[in-house]
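The values are calculated or read from the model by the stated rules, or taken from the named source; none is laboratory data. Computed from a predicted structure; not experimentally measured. Cβ placement follows ideal geometry from the backbone for every residue including glycine, while neighbour counts extend to all protein chains displayed.
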Amino acid sequence: MSDSRTSIHVTDSAIVKRNLRSVPYVEIFGDRLMGVVSSKSDFRRMYISFVEAGTTSYNCSTNNNRPCGGLRGGPCKHIKSLLDEAVKQYGGERVARSLQLAGDPASIKRGADVLRHISGGKHQEKASAAFTRFLNYLRYVELPTSTAPTPEMTWFVNG
């Protein structure tokens, strides 16, 4: 539900503080869960990671489309971080439904629970669309404070 006096979107799940330094952006968009994950070794490098709904195929690459070195036969640590933050932001049930995972959506409490359902393989694809949306949303951070709704900012709610 939303309050018409504020631009904050209230979710049904309990709000858990997200790690915006590690995963500044998570979205459920189209037929996938995707986001931007910071590199732990180089603060200037960002990774774009995604998991597709239904197939649970995944990919991870840098913002300039270099493949992630951690994709060796399974999801890398960036995808694992993305799943953890997605469950914090959206709740396990919504993530499970969005990715069309088999089983009881209520059983998803952590990113590791989602990871157990990933049976797809690496699916190479350019990362520019998600990264461009992330950069576009960053411009909202510098907007003056307002009580008017800003629906595009619901992903940024941090509790």
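Taking the residues in the stretch 1-51 that are among the small types (Gly, Ala, Ser) and within 16 Å of Lys88 (Cα to Cα) as candidates, determine which candidate is modelled with the highest pLDDT.
Gly35
Being closer than 20 Å to Ser39 by Cα and among the hydroxyl-bearing types (Ser, Thr, Tyr) narrows it down to one residue among Ser81, Ser98; which is it?
Only one candidate qualifies: Ser81.
Condition first: within 10 Å of the chain's Cα centre (by Cα) and either more than 12 Å from Gly111 (Cα to Cα) or of a type in the set (A, V, I, L, M) (or both). Now tell me which residues in the stretch 82-98 satisfy that.
Result: Leu82, Leu83, Ala86, Val87, Val95.
Do any residues in the stretch 56-81 that are surrounded by 14 or more Cβ atoms within 10 Å (Cβ to Cβ) and of a type in the set (Ser, Thr, Tyr) have Cβ atoms under 6 Å from those of residues that are part of a helix (DSSP H, G or I) and modelled with pLDDT of 90 or more, where the two are at least six apart or on different chains, and which pairs are they?
Pairs found: Tyr58/Ile79.
Return the residues of the stretch 82-129 that are among the aliphatic types (A, V, I, L, M) and outside any helix (DSSP H, G or I); say none if nothing qualifies.
So the first thing to find is which residues in the stretch 82-129 are among the aliphatic types (A, V, I, L, M), and the list is 82-83, 86-87, 95-96, 99, 101-102, 106, 108, 112, 114-115, 118, 127, 129.
Scanning the stretch 82-129 gives Leu99, Leu101, Ala102, Ile108, Ile118, Ala127.
Can you tell me which residues in the stretch 63-81 are under 15 Å from the mean Cα position of the chain (by Cα) and either of a type in the set (A, V, I, L, M) or not in a loop (DSSP other than H, G, I, E, B) (or both)?
Lys77, His78, Ile79, Lys80, Ser81
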